[in-house]
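Notes to accompany the following structure.
The values are calculated or read from the model by the stated rules, or taken from the named source; none is laboratory data. As the structure is a computational prediction, the values presented were derived from the model and not from experiment. Glycine gets a Cβ as well: all are built from the backbone with ideal geometry, and neighbour counts include every protein chain shown.
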Amino acid sequence: MPQFNIATFPPQIIWLAITFVVLYILMARVALPRIGNVLSERQEKIDDNLEAAEQLRTQAKADADAYSSELAKAREAARLAIAEATLEVSADAAQKQEALGQRLTAQIKSAEAEIDKAKANARTSIRDAAIGVAQAATQRLIGTAPAEPTTAAAVDRALQARS
Amino acid sequence: MAEAHNPLAQFEIKTLIPIHIGGVDASFTNSAAFMVASVVCVSALMILSVRSRALVPGRWQLLAELAYSFIAKMLTDTVGKEGRPYFPLVFSIFMFVLFGNMLGMLPYTFTYTSHLAVTFAMAAFVFVLVTVVAIAKHGMKFFSFFLPHGVPIAMAPLLIPIEIISYLSRPVSLSVRLFANMMAGHTLLKVLGGFVLPLGIFGVVPVLGLVAVSGLELLIAFLQAYIFTILTCIYINDAVHLH
C-alpha cells in the first residue's frame, strides 16, 4: 500500500504544513473577516428595515385610530344635528297646525254666528209674513182684520208649537 | 497494464519537482499539487466571490456565506461563544478536508486525504493544540478531565486508565476514520471500474454500480469532512470547558 511507504511521509507533511498555513492565513486575515462584515452589515440593514417597518406600522395604526375617532365624532355631531333639526321641524309643524286649527275654529264660529243670524232673520221675516198673511186671510174670510198684537201673538204660538 | 489495473495505484505518491533541504525530502509531489489546488479553490471561492460585498448575494457569494454560517453555527453549537478564536482554524480544517475529498472525486485526480500521513498529521495537530489549550486554560485541573464527575473513588483505578487511553486514541480514530473512508471509497470505485471493459455488454451492470457508488462517495466526501470538523469542535469544547 502506498500509504505506508514511510519515504513519502516527509514531503506530504511538509507540503501539508505549507499549504495549510497559507490557507489559514488567507482565511483568518482576508476571507472570514470580509464575509463576517458582509453578514453583519446585512443583519444590521435587515434590523434597521424591520425597525423602520415597525415604526411605520405603529404610525399607521395611530393614524387609523385618529381617523376612526374623528369619524365617530363626526357621526355623533351629525346625529345631534339631525335630532335638533327634527325637533325644530316638528315644533314648527305643531305651531302651524295649532294656528291653522285656531283659524279654522274662528271661521267655524263666525260661520255659525252668521247662520244663527240668518236663521233669526229668516224667522223674523217668516213671522212678519205669517202675520201679514194671517191678517190678509182673516180679512178675506170675515171681512175684518184682527188687531196687530193679537195676530202676532197667535203667530208666535203657532211658531212655538212648530219648533 | 498491470499497473493500471491495480486499484491501489491511484494512491501512489509521484514526485513532480524534487526538492531536498538538508537531507530531508521536501519534493513537490502530486499530493502537494492537489493541496495547492485546494488552497487556490477555497481562496477563490471565499475571497473572489465576496469581492463585490453585495447586500443581496449572488450564487458564489451565497455559497461562501453558507460555508461561513455552517461552520460558525457548528462551532457555536458545540463550543459556544468561547469557540470564536478557533473559528478560522476550524473553518480552514473543514475547507481543506472537504476540498481534498471533493477534488479527489474528479477522474484522474489524487486524493491527499486518502493518505494516513496527511490525516494523522492534521489529527495530531488538533490533538496537540487542544491539549495545550486545555492545560493553558485550566492548569493542573486539566487532569481532572480523566475522572468524570460523580464517579465513586473506588472506580478511579479502572476509569482513569480507560479515560487516558480514550483521550490518547483521539488522533488515531480521527485520522484513520478519514483516511480509511477515502481510501476504501476510491479503491471500490477503481475495482468496479476495472470490471466494465472485460465484461463487454454486461459492463453496464458495474457502470450502474459506479454511478450509485459515486453518489455515495460524494456524500461520504462531505460527511467525513463534517465529522472531522465537528470532532475537532468537540475536542475544543472539552479543552475550553473540560467536563
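Some points to look at:
- Residue-level check: of (1) over 25 Å from residue B:184 (Cα atoms); (2) surrounded by 16 or more Cβ atoms within 10 Å (Cβ to Cβ), residue B:51 misses just (2).
- Qualifying residue in the stretch A:40-49 (condition: surrounded by 12 or more Cβ atoms within 10 Å (Cβ to Cβ), in a helix (DSSP H, G or I) and within 12 Å of chain B (Cβ to nearest Cβ)): yes
- Options B:199, B:231, B:174, B:216; residue that is out of contact with any strand residue (DSSP E or B) (no Cβ under 9 Å at 6 or more places or on another chain), within 21 Å of residue B:112 (Cβ to Cβ) and surrounded by fewer than 16 Cβ atoms within 10 Å (Cβ to Cβ): B:216
Yes or no, residue by residue, for (1) of a type in the set (Lys, Arg); (2) modelled with pLDDT of 95 or more; (3) on the phi > 0 side of the Ramachandran plot:
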| residue | (1), (2), (3) |
| --- | --- |
| A:6 | no, no, no |
| A:11 | no, no, no |
| A:19 | no, yes, no |
| A:22 | no, yes, no |
| A:34 | yes, no, no |
| A:67 | no, yes, no |
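- Test: residue in the stretch A:11-19 that is in a helix (DSSP H, G or I), more than 30 Å from residue B:61 (Cβ to Cβ) and away from chain B (no Cβ under 14 Å): no
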